[in-house]
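Single-structure report; data block below.
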Amino acid sequence: MSRLPSEHPIRPQALSGIKNIIVVGSGKGGVGKSTISTLLAVGLTHQGLRVGLLDADIYGPSIPQMLGVCGAQPVVRADQIIPVDVAGLQVVSIGFLVAPEKAVIWRGPMIHNTIKQFIQQVAWGDLDYLIVDLPPGTGDVPLTLAQTIPMTGAVIVCTPQAVALADALRATRMYRQLNVQILGLIENMSYFIAPDTGREYDLFGKGGAELATTQMQIPFLGSIPINIAIRLSGDRGAPMDIFEKDPQGVGQAVALVIKNLLAQVDSIPPSVL
Ligand SMILES: Nc1ncnc2c1ncn2[C@@H]1O[C@H](COP(=O)(O)OP(=O)(O)OP(=O)(O)O)[C@@H](O)[C@H]1O
Ligand SMILES: [Mg+2]
């Protein structure tokens with residue numbers, strides 16, 4: 001039981017009460033990690049699952065705005081942070097604790113301690129999924145998380161351009177070095193659907209990211225279009241609109257990505273411990 005070949009990784013036992021912890025990262029900034037983390041978390045909640053969303057972007061937390069809870073103040077009880085409940089989704093962000101206009105300058109050990117607290121001193125309750133939105137790059141936060149918590153795996157977000165793909169490759173290498181299972185790659189801002197005609201335009205060519213995943217030997221989880229409804233849902237703090245109204249099939253595209261992601265999680269045998 002104790003030894004399985006490395007190509008059959010074991011899903012680690014996450015923290016008590018949390019079945020799966022999934023981090024969402026990228027090598028590059030601005031590719032849509034926070035948007036995708038939010039959509040994944042809201043989409044999973046929409047399916048009736050118990051979900052938490054941790055905004056671990058200590059440099060530029062954007063989840064409070066994307067969920068429309070900018071001024072929220074989490075309650076602290078018996079040394080534990082109680083997450084903010086957003087329509088059933090349990091949310092914690094550094095943005096709740098630090099004023100958004102204040103530049104957050106963190107040094108390595110502070111980052112380490114804050115991230116540890118965020119995981120261990122939050123009363124997450126029972127969760128099927130904890131989604132963690134990471135800052136861009138391959139720095140202290142993913143490193144600390146990989147060393148502190150038993151992650152189920154990482155999702156990498158990229159855009160279709162060659163430079164973004166090169167960055168996704170860098171992120172892939174980092175997770176492999178940290179021994180974190182890569183659950184797959186999501187291509188964001190992939191194609192454009194004209195709101196007036198419904199025609200699809202492949203702004204950056206088609207199939208590049210999927211081909212790259214074959215070369216990197218990681219799963220391709222799907223493409224999400226560049227769409228005004230996604231941008232507006234983030235700015236207005238109403239991501240549930242994407243699933244409830246399904247503008248131009250965007251909700252369906254995200255649902256397909258979620259289905260593929262859950263299939264990847266299910267393909268990893270759970271820890272027997
Ligand atoms: N598929 C999309 N369609 C339209 N707009 C999008 C899409 N994905 C992201 N955006 C917009 O692009 C901007 C950047 O997205 P987001 O903040 O999610 O990126 P990020 O990777 O988290 O950035 P950072 O590296 O700064 O954390 C946001 O304004 C967001 O609304
Ligand atoms: Mg972000």
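Tabulated results
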read-out: Cα gyration tensor category, rounded, prolate or oblate, for the range 195-273 with a/c compared to 1.5; value: oblate
read-out: Amide H contacts of residue 127 (H built 1.01 Å from N, under 5 Å, at least 5 apart or other chain); value: 18, 19
read-out: Added length on full extension, which subtracts the Cα-Cα distance from 0.36 nm per residue, residue 85 to residue 259; value: 60.2 nm
read-out: Cα gyration tensor, the range 9-130 - rounded (a/c under 1.5), prolate or oblate; value: rounded
read-out: Residues with amide H under 5 Å from that of residue 132, placed H, sequence gap 5 or more; value: 22, 23, 24, 54
read-out: Label-reachable residues, the range 217-238, where backbone N falls under 18 Å from a point 7 Å from residue 199's Cα toward its Cβ; value: 226-228
read-out: For the range 60-154: rounded, prolate or oblate by the Cα gyration tensor [a/c cutoff 1.5]; value: rounded
read-out: DSSP-defined beta bridges in the range 18-267 - what % are antiparallel, rounded to 5; value: 20
read-out: Longest segment of the chain lacking trypsin sites (Lys or Arg not before Pro) that sit in a DSSP loop with at most 13 other Cβ atoms within 10 Å; value: 4-101
read-out: Cut-off of 10 Å, at most 13 other beta carbons, DSSP loop: longest stretch of the chain lacking such GluC sites (Glu not before Pro); value: 102-273
read-out: Residues 106, 124, sorted so that the one with the fewest Cβ neighbours within 10 Å comes first; value: 106, 124
read-out: Average projection area in nm² (convex hull over Cα atoms of the chain, one quarter of hull surface); value: 14.4
read-out: Computed E for residue 206/residue 177 - FRET, C-beta separation, R0 41 angstrom, nearest 0.05; value: 0.85
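None of the figures in this text is laboratory data; all of them are computed from the coordinates on show. Only a predicted model underlies this, so the values are computations on that prediction, with no experimental measurement involved. No Cβ is skipped: glycine too gets one built from the backbone with ideal geometry, and neighbour counts run over all protein chains shown.
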